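Here is the structure we will look at.
Every read-out reported here was derived from the displayed coordinates using simple, explicitly stated rules and does not represent laboratory data. In this text the structure is predicted, and so the values were computed from the model without any measurement. For neighbour counting, all protein chains shown are included, and Cβ atoms are generated from backbone atoms with ideal geometry for every residue, glycine included.
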Amino acid sequence: MISEYERWGFKNQRNILASCQLLGGLGLLVGLAIPLLLSVASFLLMCMMLTAVFVRIRIKESAVKMLPAILYVVINLIIFYNSIT
């Protein structure tokens with residue numbers, strides 16, 4: 001996994017990115033009890049995954065390798081939309 005972060009150009013930020021993903025996932029779980037936290041966590045995770053898609057486009061990665069990030073964007077968009085309506 002370290003080599004992936006290096007390939008993406010985020011070798012030095014991998015601990016921060018992993019922490020943000022972990023906190024975002026925890027925010028989704030806790031957000032089941034606190035609706036505002038669910039909205040914030042899903043929005044931030046959606047932004048993070050959208051950035052991941054753009055990074056993969058920038059390095060010209062195949063569409064198949066982009067699918068997980070795209071799927072997470074869509075899932076977090078659905079969660080965000082449902083949490084604000």
Of the residues in region 1-18, how many are closer than 13 Å to Ala52 by Cα and either touching a strand residue (DSSP E or B) at 6+ places or on another chain (Cβ under 9 Å) or hydroxyl-bearing (Ser, Thr, Tyr) (or both)?
1
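What do you reckon, is Val55 over 19 Å from Thr85 (Cα atoms) and either assigned to a helix (DSSP H, G or I) or within 11 Å of the chain's Cα centre (by Cα) (or both)?
Details: over 19 Å from Thr85 (Cα atoms): yes; either assigned to a helix (DSSP H, G or I) or within 11 Å of the chain's Cα centre (by Cα) (or both): yes.
Yes, satisfied.
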Complete set of residues in region 1-43 that are in contact (Cβ under 8 Å) with a residue 24 or more places away in the chain, part of a helix (DSSP H, G or I) and closer than 13 Å to Ile79 by Cα
Gly24, Leu28, Pro35, Leu38, Ser39, Ser42, Phe43
Only one of Gly24, Gly9, Gly31 that is within 15 Å of the chain's Cα centre (by Cα) and among the small types (Gly, Ala, Ser)
Gly24
Among residues of region 35-78 being in contact with a Leu (Cβ under 7 Å, 6 or more places away or on another chain) and more than 20 Å from Phe10 (Cβ to Cβ), the residue surrounded by the fewest Cβ atoms within 10 Å (Cβ to Cβ) is Leu38
